[in-house]
Ligand SMILES: [Fe+2]
């Protein structure tokens, strides 16, 4: 276990070298056990388990690509657990006021947001989708003037250059909706906003099937597999 943790710490520091996707060392590291959590007096954390999804029957989306994408999601879950485990060990060892600890803490935001956003994304997929929910249609039409205008605007957002996400958020302060571009996973999420429609436009989400220039075709295919009833249920 100690060797694994040393490897995990070294891997977490690799972010400085621009490594954004989970390193193989981290992916190989053992999941943190519930027992170890309970023995610690440093802090308690949730040991997450990856959610499961069925990718059968999605129209126009390659199942193998989705399963590879799901494997990346499981990597985020593993890394969230490992980062918390490493932080707890460092706290117990009196190493919390170090640059190494700071880098793990920083890395946790990336991994955690990556985990959660993928759950919103995979969680709204359904074979051949569902009819557009009238409550949702009414909500976006109130802001963009029509359903078609919202689709055009979220698509425009998703077509922005770079790796990240196009997200329709609900703002609990204004009770309004806004489309946002999120860089990586953790940069640009407005505090307190609630994700409603979450679209992954990292290249791993589409290049295998649609090619490097295929983002638009991927977005159009994905829209044919959205469970709008589930999306609408995310509205307060
Ligand atoms: Fe992704």
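Before moving on, here are some points about what is shown:
- Filter pass, residue 177 being within 21 Å of residue 135 (Cα to Cα) and either modelled with pLDDT under 95 or within 14 Å of the ligand (Cβ to nearest atom) (or both): no
- Taking the stretch 116-135 as the range and being within 16 Å of the ligand (Cβ to nearest atom) and part of a helix (DSSP H, G or I) as the test, the residues that pass are 116, 117, 118, 119, 120, 121, 122.
- Subset of the stretch 85-104 [surrounded by fewer than 20 Cβ atoms within 10 Å (Cβ to Cβ), part of a helix (DSSP H, G or I) and at pLDDT 95 or above]: 99, 100, 101, 102, 103
- Filter pass, residue 82 being buried (at least 20 other Cβ atoms within 10 Å of the Cβ) and under 15 Å from residue 48 (Cβ atoms): yes
- From 95, 135, residue being farther than 29 Å from residue 206 by Cα and in contact (Cβ under 8 Å) with a residue 40 or more places away in the chain: 135
- Among the candidates 158, 113, residue that is within 16 Å of the ligand (Cβ to nearest atom), modelled with pLDDT of 95 or more and outside the structural domain of residue 174 (by TED's automatic domain parsing): 113
- Of the residues making up the stretch 175-198, one or more are over 30 Å from residue 106 (Cα atoms) and not in a strand (DSSP E or B).
- Boolean, residue 65 is buried (at least 18 other Cβ atoms within 10 Å of the Cβ), assigned to a helix (DSSP H, G or I) and away from the ligand (no atom under 16 Å from the Cβ): no
- Scan of the stretch 189-209 for residues that are touching a residue at least 24 places away in the same chain (Cβ under 8 Å) and within 24 Å of residue 232 (Cβ to Cβ), ordered by number: 189, 193, 194, 195, 196, 197, 198, 199, 200, 201, 205
- Residue count, the stretch 205-226 (criterion: buried (at least 17 other Cβ atoms within 10 Å of the Cβ) and not in a helix (DSSP H, G or I)): 3
- Looking across 128, 148, one residue alone is under 23 Å from residue 67 (Cβ atoms) and surrounded by fewer than 14 Cβ atoms within 10 Å (Cβ to Cβ). It is 128.
The values are calculated or read from the model by the stated rules, or taken from the named source; none is laboratory data. Since this is a predicted model, take the numbers as computed values, not measurements. Neighbour counts are summed over all protein chains in view; Cβ atoms, including those assigned to glycine, are modelled from backbone coordinates with ideal geometry.
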